[in-house]
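The values are calculated or read from the model by the stated rules, or taken from the named source; none is laboratory data. Computed from a predicted model, the values in this text were never measured in an experiment. When we count neighbours, we look across all protein chains shown, and the Cβ atoms used for this are built from the backbone with ideal geometry, even at glycine.
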Amino acid sequence: MNKKPVALVTGGTRGIGLGIAVELAKSGFDVAVNGRRPESDVKNALDTIHSHGADAAYVRGDIGDDASRSAMLDALRQRFGRLDSLVNNAGVAPDVRADITETTEESYDRVMGINLRGPFFLTQAVARWMLKQKESDASFRGSIINVSSVSATVVSINRGEYCISKAGIAMATQLWAARLANDGIGVYEIRPGVIATDMTSGVKEKYDKLFAEGLTVEQRWGTPEDVGKAAAVLARGDLSYATGQVIMVDGGLTLPRL
Ligand code: NAD
């Protein structure tokens, strides 16, 4: 079995996921990242994680696909023999931002499949594995961290399916927190605000303007590192007696203000 604790970060080869993977590496985890690209395309990300002292592994697969999820966990069992932290980070925005009067069933199913159904069933499979680890080692401590979004509560009528998927992840967090609390497994939600990544690169000008007009109380874009640091605190178990909680990493976007 691997000596160091092991974390799996879905969608961990770029953006927020890579930010999380790096902070987990700095915190003493070996890190497996998942993504859909061939391994040859993610070498830089693996090197970056490795440069922070971690063994870095790549498990390719589509989070929305059952067979892919099983294959990924089989690969991790073979390679590390343990899993201490799961970060459900992979997610997509709708391909087209369409008013909810125009949302297509195809886009709804795609977004829900990757953002909600996939993480729910990956969590289920990982929870079963973690419970087995707990059975054979009473000192086992695990964590499951869901990256949702301020869109769990903040309405955007031009991407309703995304908002619904993130609201669903918020409930999934509470369900798994309640189910796993007495087994030494903490389950948390990180709710990022607007973070500078590929996902938001297409709406950069819009948000530059909104930041300047006071969208957040900290007047800047969030960074993958901001989210990564929060994930590391949770994965290390530094926030004890707090399972099920939401950590806002949004620069104060959701602070009620007059
Ligand atoms: P990104 O597009 O830069 O990265 C997402 C990663 O997930 C990519 O590596 C992508 O390949 C991977 N991915 C997508 N679908 C996948 C699938 N089916 N299987 C496996 N991997 C898949 O986006 P990001 O901004 O880094 O977003 C990461 C998470 O943070 C998402 O869940 C997103 O909803 C959430 N989030 C982002 C922001 C933001 O402003 N960028 C804000 C709040 C929440």
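For the criterion of being near the ligand (Cβ under 10 Å from one of its atoms) and either small (Gly, Ala, Ser) or over 18 Å from the mean Cα position of the chain (by Cα) (or both), Gly17 passes.
Taken over segment 120-170, the residue count meeting the criterion of being of a type outside the set (Phe, Trp, Tyr) and either in contact with a Cys (Cβ under 7 Å, 6 or more places away or on another chain) or within 20 Å of Gly193 (Cβ to Cβ) (or both) is 25.
Taking the criterion of being in contact with a Gly (Cβ under 9 Å, 6 or more places away or on another chain), in a helix (DSSP H, G or I) and either more than 15 Å from the ligand (Cβ to nearest atom) or among the polar types (S, T, N, Q) (or both), the residues of segment 143-174 that qualify are Ser165, Thr173, Gln174. One residue alone among Glu205, Glu218 is within 16 Å of the ligand (Cβ to nearest atom), farther than 23 Å from Asp238 by Cβ, surrounded by fewer than 16 Cβ atoms within 10 Å (Cβ to Cβ) and free of Cβ contacts under 8 Å to residues at least 40 places away in the same chain, and that residue is Glu205. Checking each residue in segment 181-202 for being in a helix (DSSP H, G or I), within 8 Å of the ligand (Cβ to nearest atom) and either of a type in the set (A, V, I, L, M) or crowded, with 17+ Cβ neighbours inside 10 Å (or both) picks out only Met199.
When residues in segment 80-123 are screened for being more than 14 Å from Asp65 (Cα to Cα) and within 17 Å of the chain's Cα centre (by Cα), 9 of them pass.
Here Ala7 meets the list (1) farther than 23 Å from Asp226 by Cα; (2) of a type outside the set (S, T, N, Q); (3) in contact (Cβ under 8 Å) with a residue 24 or more places away in the chain almost entirely, failing just condition (1). Going through Gly28, Gly53, Gly35, Gly17 one at a time, which residue ends up being under 15 Å from Asn88 (Cα atoms) and either surrounded by fewer than 24 Cβ atoms within 10 Å (Cβ to Cβ) or without any contact (Cβ under 8 Å) to a residue 60 or more places away in the chain (or both)? Among Gly28, Gly53, Gly35, Gly17, only Gly35 is under 15 Å from Asn88 (Cα atoms) and either surrounded by fewer than 24 Cβ atoms within 10 Å (Cβ to Cβ) or without any contact (Cβ under 8 Å) to a residue 60 or more places away in the chain (or both). So is Ala230 surrounded by fewer than 15 Cβ atoms within 10 Å (Cβ to Cβ), part of a helix (DSSP H, G or I) and not charged (D, E, K, R) or not? So Ala230 fails the test. Right, Ser68: surrounded by fewer than 17 Cβ atoms within 10 Å (Cβ to Cβ), modelled with pLDDT of 95 or more and of a type in the set (Ser, Thr, Tyr) or not? It is false that Ser68 is surrounded by fewer than 17 Cβ atoms within 10 Å (Cβ to Cβ), modelled with pLDDT of 95 or more and of a type in the set (Ser, Thr, Tyr). Exactly one residue out of Val92, Val111, Val87 is within 16 Å of Ile169 (Cβ to Cβ), touching an Asp or Glu at 6+ places or on another chain (Cβ under 7 Å) and crowded, with 16+ Cβ neighbours inside 10 Å, and it is Val111.
Selection of segment 169-204 for residues being of a type in the set (Gly, Ala, Ser) and under 14 Å from the mean Cα position of the chain (by Cα) yields Ala170, Ala172, Gly193.
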